[in-house]
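Some notes on the structure that comes next.
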Amino acid sequence: MTEPHKLTDLVPVEVLAEVNTAIAVLEIQGPAITKALRQLDRATTMAWKAMNMLGVTDEEWELVKREIGIMQPSADVTADGS
């Protein structure tokens with residue numbers, strides 16, 4: 001009878017190294033990142049409310065977001081990170 005494989009053995013070593021590095025950074029920087037994301041969320045909401053009061057279109061709001069640097073996270077991230 002053969003021994004069952006651990007599924008993590010199928011993940012390339014360089015990918016495991018990247019995951020471990022990302023986890024280590026998040027463990028150290030996680031609270032600051034969370035705080036910054038919350039602050040960005042509040043600021044984005046305030047900017048949207050200000051623009052909404054002026055009656056801007058969705059297309060104009062997208063331009064405003066791009067110009068002030070509000071980035072929309074991509075929902076379709078592939079395995080290669082693109």
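Give, in nm to one decimal, the length gained when the segment between R42 and A17 is fully stretched (0.36 nm per residue of separation minus the Cα-Cα distance).
5.6 nm
³J(HN,Hα) across the stretch 40-51 via Karplus (A = 6.51, B = -1.76, C = 1.60, θ = phi - 60°), whole Hz, x for Gly/Pro?
Here the 3J(HN,Hα) series is 4, 4, 4, 5, 5, 4, 5, 5, 4, 4, 4, 5 Hz.
Read the figures in this text as sums done on the coordinates, not as results from a lab. Not measured: the values here are computed from a predicted model.
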